[in-house]
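The structure appears below as structure tokens.
Values in this text are rule-based calculations from the coordinates and carry no lab data. Predicted, not measured: the structure shown is a model, and the values here were computed from it. Note: ideal-geometry Cβ built from the backbone for every residue, glycine included; neighbour counts use all protein chains shown.
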């Protein structure tokens, strides 16, 4: 399996999550038009994904996750 680098479609950082634009739920997760459709997927970094789902960044201002998931100062 080859490794690729993806760019976050919101902030331009390194993306690590494939986000479903249409949230998956008990009624639609088996529908490939919703769950597997590339038009309904978005490459996001962890911070932008947390912002989408939880409304606030995962970590404080001036911090970010490194490639191993550790919090570092920027």
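How high is the FRET efficiency from residue 20 to residue 70, r the C-beta distance, R0 30 Å, rounded to 0.05? Working from the Cβ atoms, E equals 0.65. List 19, 53 from most exposed to least, where exposure is judged by having the fewest other Cβ atoms within 10 Å. Ascending number of Cβ neighbours within 10 Å: 53, 19.
Divided by 2.2 N^0.38 Å, where N counts the residues, the Cα radius of gyration of the chain comes to 1.24.
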